[in-house]
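One structure is given here, and the rest of the page talks about it.
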Amino acid sequence: MDKLKVLHFPDSRLRKVAQKVKNVDQNIRDTIDQMFFTMYEEKGIGLAATQVNIHKRIIVIDVSENKDEKICLINPEILFLSSDCDIYEEGCLSVPGFYEGISRPKDIKVSTLDYDGNLIEIEANGLLSTCIQHEIDHLNGKLFVDHISTLKRNRIEKKITKLKKEGALIARKNTPNYKSVT
Ligand code: GNR
Ligand code: NI
């Protein structure tokens, strides 16, 4: 299977709002399989279709230690967000090498279609809650850096742009996606 290319901030395609999936057919399931493959290869705990330039409302997640608990969300809708928040150190495959503490609602409830096209509800807290919110943001063209100060965001944008120019960040199929920033 081929790894999909992950777009990097500040690519404007990361700002597109993804479209609802009309039918969970074999084509969609193939996309989901490729997204899981890409997410595991890139050592991410989640991936939104937007990040691989597919503008459909599809998310894959695996926050388990043994990488054996696949969760896929299609057309997710937030039903509940708690008023109390939690801060997690967030990273993003589209913002490689940068991490910031982000405050988000602690507990959430979402309704979503699953891999088989069945409508289900998921209640989440902790890292899974954070991850689902981070991924739904992607489907709406939003990134975790939008939750931090403009000063910090601009600094990150400059550094990533510079690394790309130097060729230190190479987004190509089947190659390591980036060298870490030290
Ligand atoms: O791999 C990832 N780790 C992560 C850590 C804290 C909060 C969110 C995430 S998601 C991220 C993968 C990614 O970019 N998903 O869109
Ligand atoms: Ni992300």
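Summary table
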| item | result |
| --- | --- |
| Convex hull projection area averaged over all views, the stretch 10-128, Cα basis, nm² | 7.7 |
| Cross-link pairs 5/43; 67/164; 43/158 - those with Cα-Cα distance over 20 Å | 67/164; 43/158 |
| The stretch 1-43: C-alpha gyration tensor shape, a/c 1.5 cut-off, then a/b vs b/c | oblate |
| Residue-by-residue Karplus 3J(HN,Hα) for the stretch 11-24, coefficients 6.51, -1.76, 1.60, Hz, glycine and proline x | 4, 5, 5, 6, 9, 6, 8, 6, 8, 5, 7, 7, 9, 7 |
| Cα-based shape type of the stretch 85-173, given that a ≥ b ≥ c are square roots of the gyration tensor eigenvalues and the cut on a/c is 1.5 | oblate |
| Top positive-direction residue, dipole computed over the stretch 1-126 with Cβ charges, set 6, 87, 36 | 6 |
| The stretch 15-170, relative contact order [Cα under 8 Å, separation at least 6], % | 22 |
| In sequence order, calculated HN-Hα J values of the stretch 148-163 (Karplus, 6.51, -1.76, 1.60; Hz; x Gly/Pro) | 10, 5, 4, 4, 5, 4, 5, 5, 5, 4, 4, 5, 5, 4, 5, 4 |
| Extension gain, residue 123 back to residue 30 (0.36 nm per residue minus Cα-Cα distance, nm) | 30.9 nm |
| Ratio Rg/Rh [Cα only; Rh per Kirkwood] for the stretch 46-96 | 0.99 |
| Choice from 72, 85, 131 with maximal GNM fluctuation in the chain (Cα, 10 Å cutoff) | 85 |
| Contour excess over end-to-end distance, with Cα ends at residue 111 and residue 165 and 0.36 nm allotted per residue | 15.3 nm |
| Calculated FRET value between residue 151 and residue 19, using beta carbons and R₀ = 41 Å, to 0.05 | 0.75 |
| Magnitude of the charge dipole, the chain, Cβ model with Lys/Arg +1 and Asp/Glu -1, debye to 20 | 1280 |
| Amide H partners (placed H, <5 Å) of residue 19, local residues excluded | 56, 57 |
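A short reminder: the numbers here are calculations on the coordinates, not readings from a lab. Quick caveat, the model's predicted, so the values are computed rather than measured. Quick reminder, even Gly has a Cβ in these numbers, built from the backbone with ideal geometry, and neighbours come from all protein chains shown.
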